[in-house]
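Novice: Submitted below is the structure of interest, expressed as structure tokens.
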Amino acid sequence: MMRTILNVLWQLGLWLIVIPGILGIILVAISRANKRLVAMQNGLWGMILLGGIGVILHELSHLILALLFGHHIDRVALLHIPDRNDPSDNCLGYVNHSFNDHNLYQRCGNFFIGIAPVLGCTLAMTLLTRTLAPQVYNYCLQLFLPTMAPLPVSAGSKWQLIVWLILMVNIAVGGFDLSSADLQNSAHGVTALLLILLGLAAILAWLSNPLMVGQWLSAHLIIAYWALILAIVFNLILWLFLHLIVRR
């Protein structure tokens, strides 16, 4: 029985943590490079103009997950303009929250609250592409998931594509980069998350078998992995474009 539990735990860890974790690390690294290139070229106001919407989405993702996991919200600034006269004031937004350390659910929530911008911004990019650039959405869908049925599309306007591009650049520049505080917050929830996964593995091992668990997770999470890959590809294209501009 213990071996079955460990096999199920491995399937849960692989599909819920390892694969999305690797994709998330790649995505955050490229986004951080984009943010650095924009700051080098355009300074603070360039960051706000080219990444302000992304910053708002970043903080909004933290806020929504903090509320979902029952945390108390202390202070919020979805977009903050740093004081030039205060060298320590260098953040563009923040969500300060507190939680009950004896509540397993709230402790586990720290993990998801810390990485919330990766989830929220990926979802926003996917929905924006589906809504404003359905041809691009269908092309990417067929490229990575050829078995998925494409969306029925009509010819979109040029303005739709321009709005989509502006929003995508904003999210790519200002949305995905996780601060050291975000990562520390996630680290506080790792132990609680592992305890919950262990309990879930024990239940699933009794109800099913590891192979079926893995097949079910892969079938239902593949679209989420596709969305992360879509975000990585767009961030990578933007990085190449920004790199060419900075080198000129």
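Novice: Relative contact order for the chain: what is it in percent, counting Cα pairs under 8 Å that are at least 6 residues apart?
Specialist: About 35 percent, as a whole number.
Novice: Using all Cα-Cα distances in segment 1-72, what percent lands in each 5 angstrom bin from 0 up to the longest?
Specialist: 3, 13, 12, 14, 16, 14, 11, 7, 4, 3, 2, 1
Novice: In segment 40-63, whose amide N lies under 18 Å from the spot 7 Å out along Cα-to-Cβ of I162? List them in ranges.
Specialist: Those under the cut-off are 50.
Novice: Could you list the trypsin sites (Lys or Arg not before Pro) in segment 9-118 that lie in coil according to DSSP, counting only those with at most 14 other Cβ atoms within 10 Å of their Cβ?
Specialist: Sites meeting the loop and neighbour criteria: R84.
Novice: Stretch L79-I26 to full length: gain in nm at 0.36 nm per residue minus the Cα-Cα span?
Specialist: 16.6 nm
Novice: Now for a separate question. So for the chain, Kirkwood radius off the Cα pairs, Stokes-Einstein at 20 °C and 1.002 mPa s: how many µm² s⁻¹?
Specialist: For these conditions, the coefficient is 109 µm²/s.
Novice: Within 10 Å of each residue's Cβ, count the other Cβ atoms and sort H72, H58, H102 from fewest upward.
Specialist: Starting with the residue having the fewest Cβ neighbours, the order is H102, H72, H58.
Novice: For C121, C108, C91, what's the fewest-to-most ordering of other Cβ within 10 Å of each Cβ?
Specialist: Final ranking by Cβ density, sparse to dense: C91, C108, C121.
Novice: Let me know the shape class of segment 148-233, please: from the alpha-carbon gyration tensor, a ≥ b ≥ c as square roots of the eigenvalues, rounded when a/c is under 1.5, otherwise prolate if a/b is greater than b/c, or oblate.
Specialist: oblate
Novice: Continuing with the same structure: Using 7 Å Cα-to-Cβ label points, what is the S88/S208 separation (nm, one decimal)?
Specialist: Going from the S88 label point to the S208 one covers 5.0 nm.
Novice: How many nm separate the modelled label positions at N103 and L217, each set 7 Å beyond the Cα in the direction of the Cβ?
Specialist: Inter-label distance under the simple model: 2.7 nm.
Novice: Still on this structure: Would you work out the charge dipole size for segment 98-248 about its Cα centre, treating the Cβ of every Lys and Arg as +1 and the Cβ of every Asp and Glu as -1, and quote it to the nearest 20 debye?
Specialist: Here segment 98-248 has a charge dipole of around 420 debye.
Novice: Just to confirm my numbers, what's the Cα centroid distance between segment 93-130 and segment 203-246 in Å?
Specialist: Here the answer is 17 Å between Cα centres.
None of the figures in this text is laboratory data; all of them are computed from the coordinates on show. Note that the structure is a prediction, hence the values are computed from the model and not measured. Glycine also receives a Cβ, built like all others from the backbone with ideal geometry; neighbour counts cover every protein chain displayed.
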